[in-house]
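Report on the following structure.
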Amino acid sequence: MKLDDDDFTLFGLPQRFAQGGAEIAERWKALAAKVHPDRFAADGAASQRLAMQWSLRVNEAHQRLRDPLKRAAYLCELRGAPIQANENTRMPAAFLMEQMEWRESLDDAKTPDAILAIDRQVAERESALLAQAGRQLDETGDAPGAAETVRALMFLTRFRADIDRRLDTLS
């Protein structure tokens, strides 16, 4: 193991989107136990500092690998198609129209049931886009296309947070 290994290599996993959550968790627990700073308490301050670096590295990798959206974004980056969410907000016109319609529907929604219906629509679209990103990364090797899909998913994640806030105001 090297600190600069990619997350998949660190966890001993193939570099693909499709991953089992249980396997990721199992590998994380094993790695976290192996590098936990308490195991190096008797070895001196330098060993403990190194163990802290390793522990941080393992936890950061776990955060990326366990979340499908973060995992997809990381794979895009590894394959030369960084997401650049702050610099590249370009989206297909049809997707932007869909967003506008949902936002208008959310503005017009007066009941929790109406808001939850919008959330179900968005969740279905989110699920379809995650599957699309998986195909682009694992089957077709279309990292630039996957990067665009991941950016769309980021839009949906923010919109779902807006839905949650709107539900909170009605509670």
Taking Cα atoms, the helix 68-78 axis meets the longest principal axis of the chain at an angle in degrees (rounded to 10) of 70 degrees
Sorted from largest down, give the three principal axis spans of the alpha carbons of region 25-143, whole angstrom values. 63, 38, 27
How many times 2.2 N^0.38 Å is the alpha carbon radius of gyration of region 93-170? 1.21
Relative counts (whole %) of C-alpha pair distances in region 28-91, using bins that are 5 Å wide: 4, 17, 18, 16, 13, 10, 10, 8, 3, 1, 0
Phi to ³J(HN,Hα) by Karplus 6.51 cos²θ - 1.76 cosθ + 1.60 over region 124-140, Hz, x for Gly, Pro: 5, 5, 4, 4, 5, 5, 4, 4, 4, 4, x, 5, 4, 7, 8, 10, 9
If you plug each phi of region 6-12 into the Karplus form 6.51 cos²θ - 1.76 cosθ + 1.60 with θ = phi - 60°, what whole-Hz ³J(HN,Hα) values come out, in order, with x for Gly and Pro? 5, 4, 5, 5, 4, 8, x
Cut-off is 10 Å between beta-carbons; in what order do 60, 126 appear when sorted fewest neighbours first? 60, 126
Order of 57, 135, 158 from fewest to most other C-beta atoms within 10 Å? 158, 135, 57
By counting other Cβ atoms within 10 Å of each Cβ, how are 150, 35 ranked from fewest to most? 35, 150
Filtered chymotrypsin sites (Phe, Trp or Tyr not before Pro), region 1-101: DSSP coil and at most 10 other beta carbons within 10 Å: none
If you line up the long axis of helix 143-170 against the longest principal axis of the chain, both from Cα atoms, how many degrees apart are they, to the nearest 10? 70 degrees
Helix-only mean residue ellipticity at 222 nm, the chain, DSSP H runs n ≥ 4 weighted -39,500 (n - 2.57), per residue, nearest 500. What is it? -24000 deg cm²/dmol
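Readers should treat all values here as calculations from the given coordinates under stated rules, not as data from a laboratory. It should be emphasised that the depicted structure is a prediction, and the values quoted were computed from it without experimental measurement. Cβ coordinates were reconstructed from backbone atoms using ideal geometry, including for glycine residues, and neighbour counts include every protein chain displayed.
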